[in-house]
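Right, one structure below, let's go through it.
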Amino acid sequence: MSDVTAESTPRQRLPTPSPSLSQQQFRGRQPPPPGSDPLALGVVIFIAVCFLLVSISAPSSILHQVPEGHVGVYWRGGALLKTITTPGYHLKLPFITQFEPIQVTLQTDQVKGIPCGTKGGVMISFDKIEVVNRLNKDFVYETLLNYGVHYDKTWIYDKIHHEINQFCSAHSLQQVYIDMFDQIDETMKEAIQRDCTRYAPGIEIISVRVTKPNIPVSIRRNFELMEEERTKALIAIERQKVAEKEAETQKKIALSEAEKNALVSKILMQQMLTEKDSSKRQQQIDNEMFLARERALADANYYRITKEAEANKLKLTPEYLELRFIESIANNTKIFFGEKIPNIIMDQRLIRNHLDSVPSKDQLEI
């Protein structure tokens, strides 16, 4: 009976609550895609940067950096590879390939504390010798293959010790410390470069700078005394040269003044002679002009007198003379009054000729 009643009696359902607006929005939204969360993305970037920094700094890292002025060389299993990389970032196999940057620009190696003995047995030492050198980029592989990364120890540090001792043993202390000290730089440079060119051609020696060696105190004091005496002698010589130069200068000044005065006197004398010569020539010209003028006047006068004489000679006829005589008497005619008339001495011929020319009374009457 109970089963029937149970089946026949319908069950009452509880009312289902309606979803809220936020639940409806949540059900309708798709799940966010992976990587779109800013926080997660920042964490990933931070982890990547930290891994990159650790990878660069670690010696067995994948990524490594070659600085400027260097090249990268690599070893794999202890064998030098022929791969040479330029400055920048590069990749390598970690824990298998080893990397080392090698400088190919100018570098200065300082070799310190170099003892040596001179030819006379005196022990001296050089505090510091600087060697400016450079490794050629094209010879990096051959140089490292033959002499390793510390090639400069073989060809610079050890070579400097050897060459300095060779030089000191062949020269005396006087030569090493004073006489030939200025030649040590070039001697060392040539010796090192000669062997490098023969055995390690990639190494170029630019210059060598050698400091003054340290010598025993007693010997240094002797050198200082010698230098003082030499300085005094040089000062005396220089003073003598200065005095000689001053005397020579005074002599040159005196000679210059004398030459100047002589030249001035010569010029003045030449000027006076020139003026006298000009006056003489002017006087000669005046004399010649006067002589020519007087000669011309004399010639003209002579010509005039000659012509007048010729003309008078032509005019001196008896008739002309008589005419001139009569004219002269006529011009000098005087009238005398008195009982006695002065006697006049006349040329009878002239009177006769004059009377003949005057017509007689009879002729007048006729």
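Quick check on Gly113: is it closer than 30 Å to Phe223 by Cβ, out of contact with any His (no Cβ under 8 Å at 6 or more places or on another chain) and part of a strand (DSSP E or B)? Show your work before the answer.
On the way: closer than 30 Å to Phe223 by Cβ: yes; out of contact with any His (no Cβ under 8 Å at 6 or more places or on another chain): yes; part of a strand (DSSP E or B): yes.
Judged against the criteria, Gly113 is a match.
May I ask you to list the residues in region 197-233 that are touching a helix residue (DSSP H, G or I) at 6+ places or on another chain (Cβ under 7 Å) and among the acidic types (Asp, Glu)? Within region 197-233, none qualify. Among the conditions (1) modelled with pLDDT of 90 or more; (2) open to solvent by 40 Å² or more (accessible area, probe 1.4 Å); (3) part of a helix (DSSP H, G or I); (4) in the same structural domain as Met123 (by the TED database), the only one that Ala233 does not satisfy is (4). Whether a residue is open to solvent by 80 Å² or more (accessible area, probe 1.4 Å) and part of a helix (DSSP H, G or I) was assessed, and Arg293 passes this test. Taking the numbered list (1) surrounded by fewer than 10 Cβ atoms within 10 Å (Cβ to Cβ); (2) in contact (Cβ under 8 Å) with a residue 24 or more places away in the chain in turn, Glu319 passes all entries but (2). Just the residues that are more than 22 Å from Val140 (Cβ to Cβ) and surrounded by fewer than 12 Cβ atoms within 10 Å (Cβ to Cβ), please, taken from region 187-219. Result: Lys212, Val217, Ser218. Scanning region 144-160 for residues that are open to solvent by 60 Å² or more (accessible area, probe 1.4 Å) and in a helix (DSSP H, G or I) gives Leu145, Asn146, Tyr147, Lys153, Thr154, Tyr157, Asp158.
Using the structure shown, decide if Arg239 is within 30 Å of Asp127 (Cα to Cα), modelled with pLDDT of 90 or more and open to solvent by 90 Å² or more (accessible area, probe 1.4 Å).
On the way: within 30 Å of Asp127 (Cα to Cα): no; modelled with pLDDT of 90 or more: yes; open to solvent by 90 Å² or more (accessible area, probe 1.4 Å): yes.
Considered against the rule, which asks whether it is within 30 Å of Asp127 (Cα to Cα), modelled with pLDDT of 90 or more and open to solvent by 90 Å² or more (accessible area, probe 1.4 Å), Arg239 comes out as no.
Residue by residue, here is whether (1) basic (Lys, Arg); (2) modelled with pLDDT of 95 or more; (3) open to solvent by 80 Å² or more (accessible area, probe 1.4 Å) holds:
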{"residue": "Ile47", "(1), (2), (3)": "no, no, yes"}
{"residue": "Leu53", "(1), (2), (3)": "no, no, yes"}
{"residue": "Ala58", "(1), (2), (3)": "no, no, no"}
{"residue": "Gln65", "(1), (2), (3)": "no, no, yes"}
{"residue": "Gly78", "(1), (2), (3)": "no, no, no"}
{"residue": "Lys82", "(1), (2), (3)": "yes, no, yes"}
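The values are calculated or read from the model by the stated rules, or taken from the named source; none is laboratory data. Just so it is clear, the model here is predicted, and its values are computed rather than measured. Note: ideal-geometry Cβ built from the backbone for every residue, glycine included; neighbour counts use all protein chains shown. Ligands, DNA and RNA are excluded from the accessible area calculation, which covers all protein heavy atoms including side chains. Shrake-Rupley method; radii C 1.70, N 1.55, O 1.52, S 1.80 Å.
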